[in-house]
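> Here it is, the structure in full.
The values are calculated or read from the model by the stated rules, or taken from the named source; none is laboratory data. Just so we're clear, the structure is a prediction, and the values are computed from it rather than from any experiment. FYI the Cβ positions are ideal-geometry reconstructions off the backbone, even for glycines, and counts take in every protein chain you see.
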Amino acid sequence: MSPDATHAPSSPCRARIAVLPGDGIGPEVTAAAVAALRAVGRRFGHAFAFDEALIGGAAIDASDEALPAATVAACEGADAVLLGAVGGPKWSDPKAALRPEQGLLALRRALGVYANLRPVRPHPATLAHSAIKAEVLAGVDLIVVRELTGGSYFGRKERHADRALDVCEYSVAEIERVARHAFRLARTRRGRLTSVDKANVLETSRLWREVVTRVHRDEFPDVVLEHQLVDSMAMHLIARPRDYDVVLTENLFGDILTDEAAMLAGSMGLLPSAALGDGTRGLYEPIHGSAPDIAGKGIANPIAAILSAALLLRHSLGLHREAEAVEAAVSAVLDAGAGDARLRPRDLGGSASTLDLAQAVIARLGDASKPYPAVALRD
Ligand code: IPM
Ligand code: MG
């Protein structure tokens, strides 16, 4: 998973990718991402095989379980997993014993993907669509590393007539492994890490801070570490987002802060994520939800899903050049959309359909018979 500095042309790769479309707009955006991956396969000479499986509400409807054993088996037999989104009003009855989200949480746990990378790099063409001033956003390039398989999401849960509880528990080992992941990542970037906790109130946060401080001192003294309380982080993330490089935090804080960070990019429809464990197999999903209000209309923005496919190419398959090609194609589409509403996603005020956007990205990826179009990757 170490970045390949040379980005030399990769030899032909055969990979099996499990595709879990899920609910709402999940099937539409994953179809676009799969189409982009197929185009990458044609353009660069790789053979990707796709295996579809059920998760979330779709799985509950089909088999009364949010994560069928066949889905886990398909994911375990794959080199990487691409997921759409889970959930929707149909399965949201607070009294329901079975919820789509349980499928996603169980899958994260089953695959051991404890480090969730959520990069935020607002594209110049979308700055005007953010509620935040463009001058605050220019040059923002941060990545949140969210611990994904611990904390209150996975602690003991109880529901009684007059009270309920969700236990938040972290072990030293759980904190160490995600901290190492984040420090290693910081070394490949600007060498700064902000660890976010609530150490003035929570015992788990005091342990978190202690462990992160020790891992830093013993193993990564070259990285600049700062600690930040989550409430003030929520404020600084909006007020001075340019100051952050790698942001490390626990599960629930990371969930909340990354929805907030999505607003820096202008829309939830743009942000991808990669969930990684100790091996190369990862789980890739847009950070947005299933958006039931627009599901089935063919208008969802597939860019977050397509960028998640780029992360899959990079982190699970080691295809760096291909990942950059997808990111460059997306960047070119966003540039084109700035001046043409027909190429701009609806969540950014345009009128492009899911298919329009997928086709525009694929056209810019080219195929084996055409030279790869020269588009700038970074702003
Ligand atoms: C996310 C989502 C999930 C989470 C839900 C769907 C369980 O909000 O990936 O950010 O809370 O982790
Ligand atoms: Mg979330």
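> Among (1) surrounded by fewer than 17 Cβ atoms within 10 Å (Cβ to Cβ); (2) free of Cβ contacts under 8 Å to residues at least 60 places away in the same chain; (3) closer than 22 Å to residue 305 by Cβ, which single condition is residue 69 missing?
Of the numbered conditions (1) surrounded by fewer than 17 Cβ atoms within 10 Å (Cβ to Cβ); (2) free of Cβ contacts under 8 Å to residues at least 60 places away in the same chain; (3) closer than 22 Å to residue 305 by Cβ, the odd one out for residue 69 is (3).
> Next up: Does residue 94 qualify as being out of contact with any Leu (no Cβ under 9 Å at 6 or more places or on another chain) and either touching a residue at least 12 places away in the same chain (Cβ under 8 Å) or away from ligand 2 (no atom under 15 Å from the Cβ) (or both)?
Spelling it out, residue 94 is indeed out of contact with any Leu (no Cβ under 9 Å at 6 or more places or on another chain) and either touching a residue at least 12 places away in the same chain (Cβ under 8 Å) or away from ligand 2 (no atom under 15 Å from the Cβ) (or both).
> Then there is this: Hey, among the residues in region 157-171 that are more than 19 Å from residue 255 (Cβ to Cβ) and assigned to a loop (DSSP other than H, G, I, E, B), which one's nearest to ligand 2 (Cβ to nearest atom)?
171
> I've got another one for you. Which pairs have Cβ atoms under 6 Å, sit 6 or more apart or on different chains, and link a residue in region 247-266 that is hydrophobic (A, V, I, L, M, F, W, C) to one that is near ligand 2 (Cβ under 10 Å from one of its atoms)?
Once the first residue is hydrophobic (A, V, I, L, M, F, W, C) and sits in region 247-266, its partners that are near ligand 2 (Cβ under 10 Å from one of its atoms) give 262/268.
> Which of (1) surrounded by fewer than 22 Cβ atoms within 10 Å (Cβ to Cβ); (2) modelled with pLDDT of 95 or more; (3) more than 17 Å from the chain's Cα centre (by Cα) does residue 109 not meet, given it meets every other one?
(3)
> Still on this model: Just to be sure, is residue 125 in contact with a strand residue (DSSP E or B) (Cβ under 6 Å, 6 or more places away or on another chain), surrounded by 19 or more Cβ atoms within 10 Å (Cβ to Cβ) and either over 27 Å from residue 202 (Cα atoms) or modelled with pLDDT under 95 (or both)?
Taking the combined requirement at face value, the residue does not satisfy it.
> Restricting attention to region 49-66, report how many residues are surrounded by fewer than 21 Cβ atoms within 10 Å (Cβ to Cβ) and in contact with a Gly (Cβ under 9 Å, 6 or more places away or on another chain).
2
> Just one of 246, 172, 211, 223 is in contact with a helix residue (DSSP H, G or I) (Cβ under 6 Å, 6 or more places away or on another chain), more than 16 Å from ligand 1 (Cβ to nearest atom), under 30 Å from residue 300 (Cα atoms) and at pLDDT 95 or above; which is it?
Among 246, 172, 211, 223, only 246 is in contact with a helix residue (DSSP H, G or I) (Cβ under 6 Å, 6 or more places away or on another chain), more than 16 Å from ligand 1 (Cβ to nearest atom), under 30 Å from residue 300 (Cα atoms) and at pLDDT 95 or above.
> Could you list all residues from region 299-318 that are out of contact with any strand residue (DSSP E or B) (no Cβ under 8 Å at 6 or more places or on another chain) and surrounded by 24 or more Cβ atoms within 10 Å (Cβ to Cβ)?
300, 302, 304, 306, 307, 310, 313
Listed here are the residues, each with its yes/no results for (1) touching a helix residue (DSSP H, G or I) at 6+ places or on another chain (Cβ under 7 Å); (2) within 22 Å of residue 366 (Cα to Cα); (3) at pLDDT 95 or above.
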site	(1), (2), (3)
4	yes, no, no
10	yes, yes, no
20	yes, no, yes
31	no, yes, yes
38	no, yes, yes
44	yes, yes, yes
63	no, no, yes
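> Only one of these conditions is not met by residue 321: (1) closer than 15 Å to residue 306 by Cβ; (2) at pLDDT 95 or above; (3) more than 19 Å from the chain's Cα centre (by Cα). Which number is it?
(1)
Each row is one residue, and each column tells you yes or no for (1) within 30 Å of residue 16 (Cβ to Cβ); (2) within 16 Å of ligand 2 (Cβ to nearest atom).
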site: 232; (1), (2): no, no
site: 243; (1), (2): no, no
site: 248; (1), (2): no, no
site: 252; (1), (2): no, yes
site: 261; (1), (2): no, yes
site: 270; (1), (2): yes, yes
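Okay, residues lined up against (1) surrounded by 24 or more Cβ atoms within 10 Å (Cβ to Cβ); (2) over 12 Å from the mean Cα position of the chain (by Cα):
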| position | (1), (2) |
| --- | --- |
| 250 | yes, yes |
| 260 | no, yes |
| 282 | yes, no |
| 292 | no, yes |
| 297 | no, yes |
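> So the check is Cβ under 6 Å with 6+ separation or different chains; which pairs have a first residue in region 278-296 that's farther than 20 Å from residue 103 by Cβ and a second one that's more than 12 Å from ligand 1 (Cβ to nearest atom) and at pLDDT 95 or above?
Qualifying pairs under 6 Å: 280/316; 294/300.
> Something else: Name the helices (runs of 4 or more DSSP H) wholly inside region 172-263 in which the number of residues that are basic (Lys, Arg) is 3 or more.
172-187, 203-219
> Just give me the residues in region 277-312 being within 16 Å of ligand 2 (Cβ to nearest atom), assigned to a helix (DSSP H, G or I) and of a type in the set (A, V, I, L, M, F, W, C), in sequence order.
304, 305
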